[in-house]
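The values are calculated or read from the model by the stated rules, or taken from the named source; none is laboratory data. Since the structure is predicted, the reported quantities are computational estimates derived from the model, not experimental observations. Please note: Cβ atoms are built from the backbone with ideal geometry, for glycine as well, and neighbour counts cover all protein chains shown.
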Amino acid sequence: MKKTIQEINEKILSGKAVAVTAEEIIDLVDKDGLEKTFEKVDVVTTGTFSPMCSTGVFLNFGHNDPPIKMNKTTLNGVPAYAGLAAVDAYLGAGELAEDYHGDDMYGGAHVIEALLKGEEIDLFATGAVTDCYPARECSHKVTLDSINEAIMFNPRNCYQNYAAAVNGSDKTIYTYMGILYPKFKNMNYATSGQLSPLLNDPTYRTIGVGTKIFLGGAQGHIAWNGTQFKTNVERLENGIPVAPAATLSLIGDLKEMSAEYIQSAVFERYGVSIFVGMGLPIPLLDLDILKNVCVRDEEIFTTIVDYSVPNLEKPTYGRIDYKSLKSGSVELNGKKVRTAPMSSIPKARKIAQTLKEWIMAGEFTLVEPVRMFPENTSLNSLGASGGGKDE
């Protein structure tokens with residue numbers, strides 16, 4: 001029993017395709033079995049809405065009069081990297097405003113969200129005077145409409161699983177996993193479990209460069225494997241890694257996105273981040289792919305990691321499944337520990353549902369990957385020698 005992406009696209013365009021979310025497929029298979037469900041359903045949709053620091057936008061502002069080759073560039077006081085062409089810049093979500101003091105944090109994520117909301121942004125730039133670029137500086141008010149291009153390009157989004165974070169020290173610590181209280185008083189996690197995109201296709205059979213996705217409320221694409229893409233990790237029998245593994249590099253048009261699915265965030269005493277909404281369609285090409293998308297929270301495990309240790313090799317305290325994490329409390333070292341998600345499960349459900357509706361309405365077709373992801377990859381750290389690939 002097999003299908004092709006071309007066959008599924010024909011059904012989508014004719015209004016005959018059936019799509020369901022990664023939660024709905026579980027009930028369908030329980031009711032009708034694998035073979036009947038495979039005959040009926042064509043696509044399963046997933047979703048995540050999580051903080052993703054490795055996010056940003058390429059911006060082209062249009063030429064100043066007289067022309068300027070932008071060097072030092074700020075947007076609402078937040079530095080953007082302008083070492084590109086004359087009026088191109090890249091604004092990173094995690095970059096902080098130059099006048100940042102104390103906990104009053106403002107950064108690139110806030111600028112991106114403000115642009116999406118239609119607000120005016122203060123652009124200021126200086127440049128070296130040349131014959132073809134005689135202006136020394138410029139200052140303008142810009143909006144998302146006035147900017148020529150605003151291309152969201154995120155080098156590392158959508159981790160395939162992530163650690164559950166705890167703090168075994170005697171003091172509260174402030175991390176990108178939120179506030180962690182001393183002596184294992186709480187546990188934070190960052191993945192949407194059975195809705196999570198890469199956990200539903202754990203060996204990337206339907207995912208690669210070019211795959212069309214839901215990104216920030218619009219249609220985007222997977223541009224490449226993400227940075228720190230790591231497949232050489234321990235996995236369960238169902239293929240799911242028990243630690244951070246693959247990541248995705250994503251691209252899309254910010255002008256088509258919505259502030260509902262791209263939102264700035266401040267993590268106390270840590271910095272600025274940004275919530276990104278992403279949804280991945282998984283075509284049911286065969287029964288093995290269908291089995292993968294039926295994965296349940298209780299079958300997905302992650303590793304409990306002590307974030308109070310300032311080394312790369314942090315202590316671990318066993319594994320925990322996502323059903324337990326989502327319950328609100330778990331037992332660790334004989335004590336009850338509160339759990340809390342960094343991701344929004346309701347938003348992930350809405351993304352999966354929206355993507356499902358786009359497909360059923362014939363507004364979203366599938367794209368076959370033009371390049372599959374690398375295999376057997378591992379990571380180096382600073383000071384390490386050799387390549388980042390295990391042969």
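Taken over region 192-217, the criterion of being in contact with a helix residue (DSSP H, G or I) (Cβ under 7 Å, 6 or more places away or on another chain) and of a type outside the set (A, V, I, L, M, F, W, C) is satisfied by 192, 193, 194, 200, 201, 202, 205, 206.
Taken over region 241-262, the residue count meeting the criterion of being buried (at least 20 other Cβ atoms within 10 Å of the Cβ) and part of a strand (DSSP E or B) is 6. Here residue 313 passes the criteria (1) assigned to a strand (DSSP E or B); (2) without any contact (Cβ under 8 Å) to a residue 12 or more places away in the chain except the one numbered (1). The set of residues in region 55-68 that are of a type outside the set (S, T, N, Q) and surrounded by fewer than 20 Cβ atoms within 10 Å (Cβ to Cβ) comprises 58, 62, 63, 65, 66, 67.
Within region 113-128, which residues are modelled with pLDDT of 95 or more, over 30 Å from residue 179 (Cβ atoms) and assigned to a loop (DSSP other than H, G, I, E, B)? Result: 118, 120, 127. Out of 198, 248, one residue alone is at pLDDT 95 or above and touching a strand residue (DSSP E or B) at 6+ places or on another chain (Cβ under 6 Å). It is 248. Scanning region 101-122 for residues that are without any contact (Cβ under 8 Å) to a residue 12 or more places away in the chain and either buried (at least 22 other Cβ atoms within 10 Å of the Cβ) or over 26 Å from the mean Cα position of the chain (by Cα) (or both) gives 101, 102. Taking the conditions (1) basic (Lys, Arg); (2) assigned to a helix (DSSP H, G or I); (3) loosely packed, with under 14 Cβ neighbours inside 10 Å in turn, residue 323 satisfies each one other than (3). Scanning region 263-280 for residues that are in a strand (DSSP E or B), aromatic (Phe, Trp, Tyr) and over 17 Å from residue 116 (Cα atoms) turns up just one, 267. Answer yes or no: is there a residue in region 335-342 that is closer than 28 Å to residue 214 by Cα and either of a type in the set (Gly, Ala, Ser) or modelled with pLDDT under 95 (or both). Checked region 335-342: at least one residue is closer than 28 Å to residue 214 by Cα and either of a type in the set (Gly, Ala, Ser) or modelled with pLDDT under 95 (or both).
Scanning region 254-276 for residues that are of a type in the set (Asp, Glu) and over 19 Å from residue 58 (Cβ atoms) yields a total of 2. Out of region 364-382, which residues are closer than 29 Å to residue 218 by Cβ and either at pLDDT below 90 or among the aliphatic types (A, V, I, L, M) (or both)? Correct list: 366, 367, 370, 372. Every listed requirement among (1) in a helix (DSSP H, G or I); (2) surrounded by fewer than 19 Cβ atoms within 10 Å (Cβ to Cβ) is met by residue 90 save one, (1).
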